[in-house]
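The values are calculated or read from the model by the stated rules, or taken from the named source; none is laboratory data. Bear in mind that the values here come from a model prediction, so they are computed numbers and not experimental data. Here the Cβ positions follow ideal geometry from the backbone for every residue, glycine too, while neighbour counts run over all protein chains shown.
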Amino acid sequence: MFDWLIVGAGFAGCVLAERLASQRNEKVLLIDRRSHVGGNAYDFYNEAGLLIHAYGPHIFHTNSAQIVDYLSSFTEWRKYSHRVLAEVDGKLLPIPINRTTINVLYGLSLSDDAEVAAFLASQAEPLDSINTAEDVVVSSVGRDLYEKFFRGYTRKQWNLDPSQLDKSVTARVPTRTNSDDRYFTDRYQIMPKHGYSRMFHRMLRHSNINIMLQVDYADIRKYVPHRRLIYTGQIDEYFDFCFGRLPYRSLRFDHVTLDKTWHQPVGVINYPQTHSYTRVTEYKHLTGQEHRKTAITFEYPTDMGDPYYPVPCPDNQTLYKKYEELALKAGDTWFVGRLATYRYYNMDQVVGQALATFRRLDETLPRQAQP
Ligand code: FAD
Ligand code: UDP
């Protein structure tokens, strides 16, 4: 008899397995339908010996010292400031849009924040209310920059027009009046020194944790005796799609090794105007690995395949809420993570959600045994 069955060995499942095993001395069975732990953050050394991210670039960034402290028990870190360029009108320009972007794109020489702010104000279309992913951008930088940097990329990525998506989608990418060209401004911007997979293996190295890979919850649920369940897969699948399917967007990754030392000047280049892929990642920028060859990944958005992105828009949120109501009534079952709570969460947010779930259940559930 396991105290816990945990479905899904991504960040959500691994953090909870680690906490339950080490802090409550409870027996955990952690399962995943994939052949590895780490969920979408899984990385591995490819045939050339280059460390790559199987499911696209994962850059760790957070403002939470508590989350960094927790993960630091399982990994050392390498400092990494992520930089992204967008290919627009044949030029490689910084995204988020900053002073350099505007000066190079329009042939201007705006020299301080106030001049850039005045320029953007002259372009921006004031709106009474900001609801959609289009509104956010058009109201802050105007239609020309919106069309060049956001409309095409968003349509490719989501197969929806920005006017059909929640404002939270494009609000992830700020606009700057200075020349800071980092993609994130969080206090901590770091990568696990030896990769994510090494970190996950250290988290799961506990005698109370058993791991089964390449097994589906649906196939083993009846045969694995367990007291309680943590579910980090799709919430609609858990409830047999009884209210219909929640939409998820997927990606096809084309991983390529090149027989040259470097391919591009920064970790990621976005393609909002050309190509059917959205972006190209070169991992050596992220990992700091020294190697005579280099590995890159092209991301092609698609509806087929693994569910990578919940699609943020009002109809989908309404449907999710129906599933959430069922989830709240499910006894001894906790729903955690990006798929089970249908939230467009970054890794640090999933870790925060999992740690908060642990604290809540630790306060309310009697322990099976003393640690
Ligand atoms: P997942 O990692 O999806 O793990 C869920 C696991 O459950 C999966 O391994 C799945 O196989 C398993 N599972 C599901 N159903 C079943 C079942 N029925 N039976 C058995 N197993 C099941 N975040 C950042 O902070 N920075 C980034 O740079 C970043 N880049 C990203 C790039 C891409 C392309 C994507 C898709 C995401 C990115 N993220 C990034 C987000 C990050 O991947 C997630 O926040 C995080 O990995 C989610 O963890 P999770 O445990 O909730 O889900
Ligand atoms: N986006 C865009 N152009 C860009 C970068 C982002 O239109 O050059 C939009 C797009 O809709 C994207 C969203 O902003 O899905 C969020 O971007 P982010 O880089 O956070 O996406 P993720 O890394 O989660 O795929």
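Observations on the structure shown:
Yes/no per residue for (1) crowded, with 17+ Cβ neighbours inside 10 Å; (2) farther than 23 Å from Asn346 by Cα; (3) not acidic (Asp, Glu):
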residue	(1), (2), (3)
Ala124	yes, yes, yes
Tyr146	yes, yes, yes
Phe150	yes, no, yes
Asn159	no, no, yes
Lys167	yes, no, yes
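- Filter result (among the hydrophobic types (A, V, I, L, M, F, W, C) and within 9 Å of ligand 1 (Cβ to nearest atom)) within segment 214-237: Val215, Ala218, Ile220
- Qualifying residues in segment 28-62 (those that are assigned to a loop (DSSP other than H, G, I, E, B), more than 16 Å from ligand 2 (Cβ to nearest atom) and within 17 Å of the chain's Cα centre (by Cα)) - the one farthest from Thr302 (Cα to Cα): Val37
- Count of residues meeting criterion [touching a Phe, Trp or Tyr at 6+ places or on another chain (Cβ under 9 Å) and polar (S, T, N, Q)] in segment 28-82: 6
- The set of residues in segment 138-157 that are over 21 Å from the mean Cα position of the chain (by Cα) and either at pLDDT below 95 or within 16 Å of ligand 1 (Cβ to nearest atom) (or both) is empty.
- The lone criterion from (1) crowded, with 17+ Cβ neighbours inside 10 Å; (2) in contact (Cβ under 8 Å) with a residue 12 or more places away in the chain; (3) away from ligand 1 (no atom under 15 Å from the Cβ) left unmet by His58 is number (3).
- A Cβ distance below 8 Å, combined with a sequence gap of six or more or placement on separate chains, defines the contacts here; from segment 269-290, residues that are closer than 14 Å to Arg83 by Cα and assigned by TED's automatic domain parsing to the domain that holds Thr302 reach residues that are aromatic (Phe, Trp, Tyr) and surrounded by 21 or more Cβ atoms within 10 Å (Cβ to Cβ) in the pairs Asn270/Tyr153.
Residue by residue, here is whether (1) more than 16 Å from ligand 1 (Cβ to nearest atom); (2) surrounded by fewer than 19 Cβ atoms within 10 Å (Cβ to Cβ) holds:
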| site | (1), (2) |
| --- | --- |
| Arg24 | yes, no |
| Asp32 | no, no |
| His36 | no, yes |
| Phe44 | no, yes |
| Ala86 | yes, no |
| Ser109 | yes, yes |
| Asp112 | yes, yes |
